[in-house]
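The values are calculated or read from the model by the stated rules, or taken from the named source; none is laboratory data. What you see is a predicted model; the values in this text were computed from it and never measured. Note: ideal-geometry Cβ built from the backbone for every residue, glycine included; neighbour counts use all protein chains shown. We work out accessible area using only protein heavy atoms, side chains counted, and drop any ligands, DNA or RNA first. Shrake-Rupley method; radii C 1.70, N 1.55, O 1.52, S 1.80 Å.
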Amino acid sequence: MVFASKRAMATVLAATLVRLSAAQIFDLESVGGVRGGAISLVYMYYAYSGKEKFAATLQVSAAMIPDMDSPTPAGQPEIAAYRLCHIVLMLARDFDELVSPEALCDHLPSPGTGLPNAQVFRVGSDTASNVTLPQSGAYSLVVANCGGMQGFKLSGHATVKQFFGFLPAIDLHTGPLYGFWLVLHILVAGVWGCLLACNCDGAIQLHWYFLVVSLIAVADCLAWLLFYSAWNAGGVASLTFMVAGTSASTLKVLILFRMAFSARFSLGEAGASFWDDNRFNVALLIWSAPALYLGFAYFHRASMKLEGFSMLLNALPAIAATGGIMAWAMFRLNNEARKLQQIRFDVHADCLRKSQGILAGAGVGACFSTLLHVFDPTLDYEPPTWGGHALVTDGFP
């Protein structure tokens, strides 16, 4: 038998396109072909579950169908007679303690004393409606094929709904947090816009860029607020809102890069030549691709159980791109400052030295934020740490 787990998956691009619509309503067909004698972790749920109206519920509807992509698809008579494929929802800590497929299959088709909190459904015969989850915690959705038959795949859904909606319990506070940030950014953009309107003659280009960043921050928070609200209401995570939010976040950083690096804002024409170099603009555009990818990886890490090392692999392209751009900018800032000192532009050179300090501080902050995301201390199997998850992942939009 094969013990197959996706906990160490290092890429999430395909999952973004295939599984994003799953969210708390997981499409079993996205699992693909089921191997014979395999136990596969296919999804993770985080649920608050209490008594009566505060209970989380599980609904499973599953069937086996021939896998036409397999070299030897199973026939309908074989599928109809097969009784050894199960869908199991069990506490994540119980799943991690399994050392072999037999340890789980020995308790099927009904949970034994070793798995008192497992919900087990035999594919093709059991359809469960509103089965109450026994306790709060992280749950593993497992496909257990305890026999040798293969050449088939699953169709149907496994849905977890909580008393507040479909949002994973670990993301419960993220929507309200974005609501707070949205109101704050609207106030900042409104006040700054009024100040610029009253002092147009004295405004410089940098002031207008601050207004643009504030407006993009409003769009960013609004997109994510709509994303989490729609997800909670309907159980489907909107790819449109996610792409809009991730793109706005990336665009905001691009403009901040431009503001931090551009000498023209304070030096006039003395420093404009270098910063008009199109190579810098191209580098920022190239950086945006791994940054967007990392945003998708952050979204999938909980449901796909991407742990520290796997998340670090997903973050490496963005880390390398960011480090490269910052090193290049620091080098060119240093050269530009030295040239300005040689022609006695001491004030301008001092401004560039200060820009280097700001850039170095931003680099340290970016490293800390990335490490906090990659090794998220709030992704625990138990609820006490979940309240801080929103602050770790989205505390500073």
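Condition test on Ala248, is it modelled with pLDDT of 75 or more, open to solvent by less than 60 Å² (accessible area, probe 1.4 Å) and more than 30 Å from Leu58 (Cβ to Cβ)?
Here the answer is yes, as Ala248 does meet what is asked.
Of the numbered conditions (1) part of a loop (DSSP other than H, G, I, E, B); (2) over 28 Å from the mean Cα position of the chain (by Cα), Leu167 satisfies every one except a single condition; which is it?
With (1) part of a loop (DSSP other than H, G, I, E, B); (2) over 28 Å from the mean Cα position of the chain (by Cα) applied to Leu167, the lone miss is (2).
Considering the range 299-317 alone, what residues qualify as being open to solvent by 50 Å² or more (accessible area, probe 1.4 Å) and modelled with pLDDT under 75?
Result: Glu307, single match.
Of the residues Pro71, Pro116, only one is open to solvent by 30 Å² or more (accessible area, probe 1.4 Å), part of a loop (DSSP other than H, G, I, E, B), modelled with pLDDT of 80 or more and over 21 Å from His157 (Cβ atoms); which?
Within the list Pro71, Pro116, the selection yields Pro71.
One residue is enough: does the range 54-67 have a residue meeting the conditions open to solvent by less than 10 Å² (accessible area, probe 1.4 Å), more than 28 Å from Asn232 (Cα to Cα) and modelled with pLDDT of 80 or more?
Checked the range 54-67: no residue is open to solvent by less than 10 Å² (accessible area, probe 1.4 Å), more than 28 Å from Asn232 (Cα to Cα) and modelled with pLDDT of 80 or more.
Does the range 75-89 hold any residues that are under 11 Å from Met64 (Cα atoms) and not aliphatic (A, V, I, L, M), and which are they?
Answer for the range 75-89, where residues must be under 11 Å from Met64 (Cα atoms) and not aliphatic (A, V, I, L, M): Gly75, Gln76, Glu78, Tyr82, Arg83, Cys85, His86.
Restricting the first residue to the range 296-317 and requiring it to be at positive phi, which pairs with a second residue that is at pLDDT below 75 and outside any loop (DSSP other than H, G, I, E, B) meet a Cβ separation below 9 Å and a spacing of at least six or different chains?
Qualifying pairs under 9 Å: Lys305/Ser5.
Would the range 354-364 turn up any residue that is assigned to a helix (DSSP H, G or I), open to solvent by 40 Å² or more (accessible area, probe 1.4 Å) and either on the phi > 0 side of the Ramachandran plot or of a type in the set (Phe, Trp, Tyr) (or both)?
no
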